[in-house]
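Visitor: Quick one: structure below, then a few questions.
The values are calculated or read from the model by the stated rules, or taken from the named source; none is laboratory data. Predicted model, so just to flag it, every value in this text is computed and none were measured. Here the Cβ positions follow ideal geometry from the backbone for every residue, glycine too, while neighbour counts run over all protein chains shown. Accessible surface areas use protein heavy atoms only, side chains included; no ligands, DNA or RNA. Shrake-Rupley method; radii C 1.70, N 1.55, O 1.52, S 1.80 Å.
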Amino acid sequence: MKSYTRLLNEIHPKAWMCDAEKFLGDSELSENAYLEIDYNIESIYNFPNILDYINPIGEIHIYDNGDQYVGALDSKGRFHGEGTYFWKDGSVYQGNWNLGMMDGKGIYFGKVNLPDAYCYMGEFKDDKYWGKGKLQIKNGQIFEGTFIQDRFVDGYIKYVNGSSYHGKLNAHGYNGLGVYTDKHGASYKGFWKN
């Protein structure tokens with residue numbers, strides 16, 4: 001059986017780093033915090049590398065496609081309980097599983113070696129972002145609030161250019177009560193229809 005350190009080094013020789021200052025250092029974002037989950041969120045981003053956070057516990061399972069899983073399985077061999085899944089492309093999920101699907105609280109690092117890498121932490125249901133969560137794109141854009149079936153539907157968005165939006169959304173954009181603040185600080189509050 002491989003050691004966890006060796007396993008991690010093989011899968012993630014150059015894992016994408018979360019930027020603590022961009023992710024947690026913004027006082028505006030902190031004031032609008034939505035997350036009410038048990039994770040010690042700040043501890044995740046005090047490390048220089050995602051692998052410092054990932055702490056797999058359990059037996060290592062290596063699959064034919066190159067993916068690997070460390071954690072609990074149910075009697076049918078499905079991921080169930082606490083576990084960490086490593087995709088061959090460098091993506092990682094650590095958190096709760098239910099009958100083979102991400103379900104409960106967890107953290108997901110996606111497209112770790114690409115310019116559009118992202119990090120989501122929060123609640124999952126049926127392999128989708130579902131509930132309270134925070135999504136950061138590597139370019140600095142942040143979504144924090146409520147997700148339903150991978151869609152961001154309510155909360156706070158901080159754009160790369162410094163503008164922000166706080167309110168309701170639908171599949172087409174701002175929809176419902178919300179406040180848009182441009183990069184110069186001018187605010188537009190009202191009912192958006194899209």
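Visitor: Would you mind listing the strands (runs of 3 or more DSSP E) fully within segment 61-114 where at least 3 residues are closer than 14 Å to ASP126 by Cβ?
Guide: 92-98, 101-110
Visitor: Tell me yes or no: at least one residue of segment 142-154 is farther than 30 Å from GLU82 by Cβ, open to solvent by 20 Å² or more (accessible area, probe 1.4 Å) and at pLDDT 90 or above.
Guide: Scanning segment 142-154 turns up no residue that is farther than 30 Å from GLU82 by Cβ, open to solvent by 20 Å² or more (accessible area, probe 1.4 Å) and at pLDDT 90 or above.
Visitor: Could you please let me know if GLY167 is free of Cβ contacts under 8 Å to residues at least 40 places away in the same chain, of a type outside the set (S, T, N, Q) and over 29 Å from GLY104 (Cα atoms)?
Guide: For GLY167, the condition - free of Cβ contacts under 8 Å to residues at least 40 places away in the same chain, of a type outside the set (S, T, N, Q) and over 29 Å from GLY104 (Cα atoms) - is not met.
Visitor: Exactly one condition in (1) over 11 Å from the mean Cα position of the chain (by Cα); (2) of a type outside the set (Val, Ile, Thr); (3) not in a loop (DSSP other than H, G, I, E, B) is false for GLY133; which is it?
Guide: (1)
Visitor: Same structure again: Specify the residue that is farthest from GLN149 (Cα to Cα); the eligible residues are those in segment 88-112 that are among the small types (Gly, Ala, Ser) and either over 13 Å from the mean Cα position of the chain (by Cα) or buried (at least 23 other Cβ atoms within 10 Å of the Cβ) (or both).
Guide: GLY90
Visitor: Now for a separate question. Hey, among LYS138, LYS134, which residue is in contact (Cβ under 8 Å) with a residue 12 or more places away in the chain, open to solvent by 70 Å² or more (accessible area, probe 1.4 Å) and on the phi < 0 side of the Ramachandran plot?
Guide: Result: LYS138 is the single residue among LYS138, LYS134 that is in contact (Cβ under 8 Å) with a residue 12 or more places away in the chain, open to solvent by 70 Å² or more (accessible area, probe 1.4 Å) and on the phi < 0 side of the Ramachandran plot.
Visitor: Given the condition among the hydrophobic types (A, V, I, L, M, F, W, C), touching a Ser or Thr at 6+ places or on another chain (Cβ under 7 Å) and in a strand (DSSP E or B), answer yes or no: does some residue in segment 175-192 qualify?
Guide: Yes, some residue in segment 175-192 is among the hydrophobic types (A, V, I, L, M, F, W, C), touching a Ser or Thr at 6+ places or on another chain (Cβ under 7 Å) and in a strand (DSSP E or B).
Visitor: Among residues belonging to segment 29-87 that are at pLDDT 50 or above and among the charged types (D, E, K, R), point out the one that is least open to solvent (accessible area, probe 1.4 Å).
Guide: Top of the filtered list is ASP67.
Visitor: Hey, another quick one. Check PRO115 against each of (1) of a type outside the set (A, V, I, L, M, F, W, C); (2) at pLDDT below 90; (3) under 15 Å from the mean Cα position of the chain (by Cα) and name the one condition it does not meet.
Guide: For PRO115, the exception is condition (3).
Visitor: Now a separate question. Before we move on, is LYS128 surrounded by 15 or more Cβ atoms within 10 Å (Cβ to Cβ), more than 15 Å from the chain's Cα centre (by Cα) and among the basic types (Lys, Arg)?
Guide: No, not satisfied.
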